[in-house]
């Protein structure tokens, strides 16, 4: 019965992750059906409202073209900032990964000999040098996944902003659907990809650790540390960037150049609405809780005498 339950769990986790990724891609496809162009479908039961707007002098082609232009500016600005920050994050990942390896490896003098386990007494665990190496690998893997999650979250956010604006002309319900679907893309994609990568990492690490669950799950906690580190730098760096842009937009735009507030002609306004790394804290909390929960639950099993 226990074997069947374990087999079911081993199957359920990757299937659930793949279903989540598939659902996120489906929502992305639905969002993409809203065209950001002058010839987008504006009728579909909303012709009366659009006729009223035309009578008021609103040019729909000009609105769509302006939305596309602003969306492109936001997307280019976001991508530029991300890749600039990624260069510094890559250096941090390498330096901090080396520090983790040196600190963890030096605990036992970089020993390559197996030692008695702390929790599962009577059994031998893998050497400290191996734990240091796999913890470093888990850290780098978590950091890379976190950075990728921030990139994907930024892409869907900049992809949906103009589409939400255009759908708002048809009513708040249409705009809400686009915004909600884009949020679903972000949430399901990050949660599912994080779960899948963590699941695969545990199984790959177990090829070396075997029955040494203590060393395995202590090493895998580096995955959460990597994700948290990238979220810290991304959140703080992006926050400082957008706040500086906000202040600059007010000082230069309104005071010196007499540009209205939140006018897209002001480059600082574009920088202020990039919403950097809003997805990373969500990803970090999710992954960190999974990593810590795994090690705690497995230690409980070891202490209670279960294999």
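The values are calculated or read from the model by the stated rules, or taken from the named source; none is laboratory data. No experiment lies behind these values; they were computed from the predicted model shown. Because the Cβ atoms are built from the backbone with ideal geometry, glycine has one as well, and the counts that use them run over all protein chains shown.
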Legend entry - Filter result (assigned to a helix (DSSP H, G or I) and touching a strand residue (DSSP E or B) at 6+ places or on another chain (Cβ under 9 Å)) within region 95-126: 108
Inset, instruction - Filter region 95-122 for residues that are modelled with pLDDT of 90 or more and over 18 Å from residue 221 (Cα atoms) and give the result. - result: 95
Legend entry - Tally, over region 186-220, of residues that are touching a strand residue (DSSP E or B) at 6+ places or on another chain (Cβ under 7 Å) and either surrounded by fewer than 21 Cβ atoms within 10 Å (Cβ to Cβ) or in a helix (DSSP H, G or I) (or both): 2
Legend entry - Inter-residue pairs, beta-carbon under 8 Å, first more than 22 Å from residue 139 (Cα to Cα) and in region 231-243, second in a helix (DSSP H, G or I) and modelled with pLDDT under 75, 6+ apart: 241/271; 242/271; 242/272
Inset, instruction - Kindly check whether there is at least one residue in region 261-281 that is part of a helix (DSSP H, G or I), modelled with pLDDT under 70, out of contact with any helix residue (DSSP H, G or I) (no Cβ under 8 Å at 6 or more places or on another chain) and closer than 25 Å to residue 141 by Cα. - result: no
Legend entry - Subset tally (residues that are under 18 Å from the mean Cα position of the chain (by Cα) and within 30 Å of residue 34 (Cβ to Cβ)) for region 175-226: 18
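Each row is one residue, and each column tells you yes or no for (1) modelled with pLDDT under 70; (2) within 30 Å of residue 203 (Cα to Cα).
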residue: 36; (1), (2): no, no
residue: 40; (1), (2): yes, no
residue: 51; (1), (2): yes, no
residue: 70; (1), (2): no, no
residue: 79; (1), (2): no, no
residue: 83; (1), (2): no, no
residue: 86; (1), (2): no, yes
